[in-house]
Structure formats: C-alpha cells, structure tokens
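Trainee: Okay, here's the structure, questions in a sec.
The values are calculated or read from the model by the stated rules, or taken from the named source; none is laboratory data. Keep in mind the model is a prediction, meaning the values are calculated, not measured. Heads up, the Cβs are rebuilt from the backbone with ideal geometry, glycines too, and the neighbour counts pull from every protein chain shown. Just so you know, the surface numbers come from the protein's heavy atoms only, side chains and all, with ligands and any DNA or RNA stripped out. Shrake-Rupley method; radii C 1.70, N 1.55, O 1.52, S 1.80 Å.
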Amino acid sequence: MSLRIYGNRQLKTLPGKDTRPTSARVREAVFNIWQGDIAGCSWLDLCAGSGSMGAEALCRGASLVIGIEQSSRACNIIQQNWQQVAHADQEWKVLRGNVLQQLKNLSSKQFDRIYFDPPYASGLYQPVLEAIADYQLLNSDGELAAEHSSQDLVMPIIANWEICRQKVYGNTALTFYRTIE
C-alpha cells in the first residue's frame, strides 16, 4: 500500500493494520495550521508509523526530523520514505524502541514542532506528554499536536502547558499544546 504527500510524492506503508497512517485530511490540516513554521524547524514524530508526518515536514523544509517508532518493520519503511524525500542539507534520524525510553535519550534536545500519534487506546498520552514536559523537549515557542479519537476529547492537563486549540476531523481529533510563558 502507498500514500501520497506534499508535492504528489508517494510513500510506502506497511500492509495490514499494524500502523494507522494519519489521513490526508488531518495531515493537510496540521500543515495548514503550522504552515509558516515548518521551514527550518526541528520536528519530532512520535509513534511515527509510516513516517508520513515526518516526510511532510521534510518536504516542507524542516531542518531536523527525528522519528520514534517501536516496530522494526515500520522503522525500515520510515527510513526508506525519509531518504526518498530528504535533501542533503536536512538531518533526519529514526529511533527504534519504546517511546518513553527514547524520549529520555533525547533529553538534551528541543523541538519546534512535535507530532504525537499513538495507538488511541494505548494509554500513552499522559506519560508521554509528561515526559516531554519533564525533559523540556518542546521549545518555549513550539507546539505539540496530539492525534486522538474524536470520541475522547478530554486530553491530559500538563503542568506549564496549555491547550491552545482542538480540532475534529471526522473520527480523528487533534489537540494542540504549547508552553505557558
């Protein structure tokens, strides 16, 4: 199976239902909301799946994209996809493993944009968002978007963060966080 992203580029995806690629409608919405902030940004893609969000960020000029994904098969697909779309002056890396452990390993970095799309019923929202806040991975003027089911619009409250917007697209919802200054 494949999907298309910015510039009509085709990406590979895993067969079956092991990953759930972010729909074209939701991808477009995220990049419309963040349209002036992608070029030159540092991007973190959590529970990256096929890597479509990170690939979009690369296509739109992000200078650094890091993806975290637990599945080794998915990591191979992400690497192929990002290698295909990245330019020589862009840095990217795919980290395989548990998202909470990998976040700890990134504690010396900060990101302008973070996209978090775990399996909806995984129970990862609270611990991952708290870890990002604790490790200060989100730049002071950055934003994080968490993708979740539109059936569950109550998202975790994180100390020193605020929910700046929430959008619903059919069965999918996005909650955007930023740090409180």
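Trainee: Output ³J(HN,Hα) for the stretch 39-47: one whole-Hz value per residue in order, computed from phi by the Karplus curve 6.51 cos²θ - 1.76 cosθ + 1.60 with θ = phi - 60°, and x for Gly and Pro.
Mentor: For the stretch 39-47, the Karplus curve yields 4, x, 7, 9, 10, 10, 10, 9, 6 Hz.
Trainee: Quick check for me: using +1 on Lys/Arg Cβ and -1 on Asp/Glu Cβ, what's the dipole size of the stretch 22-121 about its Cα centre, in debye to the nearest 20?
Mentor: 240
Trainee: Could you pull the accessible area for F176 with a 1.4 Å probe, rounded to 10 Å²?
Mentor: 0
Trainee: Rounded to two decimal places and with Rh computed the Kirkwood way over Cα pairs, what is Rg over Rh for the chain?
Mentor: Answer for the chain: 0.92.
Trainee: Mind checking the per residue accessible area of the chain for me, 1.4 Å probe, whole number of Å²?
Mentor: For the chain, the solvent-accessible area averages 48 Å² per residue.
Trainee: On the principal axes of its Cα set, how long, how wide and how thick is the stretch 84-134? Give whole Å, largest value first.
Mentor: Here the spans come out as 37, 24, 20 Å, largest first.
Trainee: Using each residue's phi in the stretch 136-143, evaluate 6.51 cos²θ - 1.76 cosθ + 1.60 at θ = phi - 60° and report the 3J(HN,Hα) Karplus result to the nearest Hz, with x for Gly and Pro.
Mentor: 6, 7, 9, 3, 4, 10, x, 9
Trainee: When all protein chains stay in place, what accessible area (Å², nearest 10, 1.4 Å probe) is found for K167?
Mentor: Roughly 80 Å² of K167 is accessible to a 1.4 Å probe.
Trainee: Okay, next question. Could you give the dipole magnitude of the stretch 120-181 about its Cα centre, charging the beta-carbon of Lys and Arg +1 and that of Asp and Glu -1, in debye to the nearest 20?
Mentor: 200
Trainee: Which whole-Hz ³J(HN,Hα) couplings does the stretch 79-93 yield from phi under the Karplus relation 6.51 cos²θ - 1.76 cosθ + 1.60, θ = phi - 60°, glycine and proline marked x?
Mentor: In residue order, the calculated couplings are 4, 4, 5, 6, 4, 5, 9, 6, 9, 4, 8, 9, 9, 8, 8 Hz.
Trainee: Now for a different question. Working with all protein chains in place, sort D117, D112 by solvent-accessible area computed with a 1.4 Å probe, largest first.
Mentor: So the residues, ranked largest to smallest area, are D112, D117.
Trainee: For D134 and Q84 in the same chain, what is the full-extension length gain: residue separation times 0.36 nm, less their Cα-Cα distance, in nm?
Mentor: Extra length available between D134 and Q84 comes to 14.6 nm.
Trainee: Now for a separate question. Just how large is the dipole of the stretch 85-131 about the Cα centre, in debye to the nearest 20, putting +1 at every Lys and Arg Cβ and -1 at every Asp and Glu Cβ?
Mentor: 160
Trainee: Could you work out the Kirkwood radius for the stretch 128-181, taking every pair of different alpha carbons, averaging 1/r and inverting it, reported in Å?
Mentor: 11.5
Trainee: In whole percent, and with a 1.4 Å probe on the protein chains, what portion of the accessible area of the stretch 66-143 is carbon and sulfur?
Mentor: Roughly 41 percent, rounded to a whole number.
Trainee: Hey, quick one: spin label on I157, modelled 7 Å out along Cα-Cβ, who in the stretch 167-181 has an amide N within reach, i.e. under 17 Å?
Mentor: Hits in the stretch 167-181 for I157 at 17 Å: 176-181.
Trainee: I would also like to ask the following. Pull up all non-local amide H partners of V94: gap of 5 or more, or a different chain, and H-to-H distance under 5 Å with H placed in the peptide plane.
Mentor: Excluding prolines and chain starts, which carry no amide H, the hits are G67.
Trainee: In 10 Å bins starting at 0, how do the alpha-carbon pair distances of the stretch 83-181 split up by percent?
Mentor: Distribution as computed: 14, 45, 33, 8, 0 percent.
Trainee: Let me ask something else. Using the Cα centre of the chain as origin and beta-carbon charges of +1 (Lys, Arg) and -1 (Asp, Glu), tell me which of G67, Q83, A57 is placed farthest towards the positive end of the dipole.
Mentor: Final value for the positive-end residue is Q83.
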